1. Per Stokes-Einstein, at 37 °C and 0.692 mPa s, what whole-number D in µm² s⁻¹ belongs to the stretch 1-85, with the Kirkwood radius over Cα pairs as the hydrodynamic radius?
2. Can you tell me the order of 138-144, 117-123 when each peptide is scored by its average per-residue count of other Cβ atoms within 10 angstrom, highest first?
3. I need the semi-axes of the equivalent ellipsoid of the stretch 39-78: take the C-alpha gyration tensor, multiply each eigenvalue by 5, square-root it, list largest first in whole angstrom.
Amino acid sequence: MVTLEIINSLTNFIIQTISNSGYGGIFLLMVAESALIPIPSEVIMPFSGYLVSAGKLNAVYVVLTGSIGNLVGSLIAFFIGSRLGRNFILRYGKYVLLRKSHLELTENYFRKYGDRATFISRLLPAVRTYISLPAGVANMNLKKFIVYTFAGSLIWNTMLTYVGIKLGEEWTSIRQYSSYIDVVVIVGVIIAIIIFVKRRSSKGATPEQT
């Protein structure tokens, strides 16, 4: 019951912020979402998409604003990890609802997939918000981090905005299907990676000489 009240209050806060501030509200909320503040993009972007369907906002500007906000917030988290280190995160992460299990999950994910994890993680629940921390702790190349983070954010935000546009006033129903959306995107990314690897392998293969 308390959790439901918190979710409703947070949703109302997001609606009021975007309704009153437009693109500026979207930007600030998405910065916070990627800077470890638990504000769900699954509410921010679909509601913005609804406003697009109502003729109040522009779809391209919404997606770009949200994605740039994600990048700025991710850079904040990245530099927290890079400059302050793991111990600082474990000590003070509780104030933004960051538990040790969250950090360990993203650390394991980053170790397994390397730099590419910052791209793929933008499409995954739970990992999406926290992946920038281990990337910073590992001192990942900053240019790669920026490119991967922005590209992943662009895909995720385009999808959420599109769903909001199509659902119109029923945009809130996306929360019921967000996990299915994650699966669809993940499968799509995996297929794209497989195709890319196969093409690279076929180009790199040299014919046998007789």
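Every read-out reported here was derived from the displayed coordinates using simple, explicitly stated rules and does not represent laboratory data. What you see is a predicted model, and the numbers here were worked out from it, not measured in a lab. FYI the Cβ positions are ideal-geometry reconstructions off the backbone, even for glycines, and counts take in every protein chain you see.
1. In µm²/s, the coefficient rounds to 247.
2. Result, highest mean Cβ count within 10 Å first: 117-123, 138-144.
3. Working from the Cα gyration tensor, I get semi-axes of 22, 11, 5 Å.
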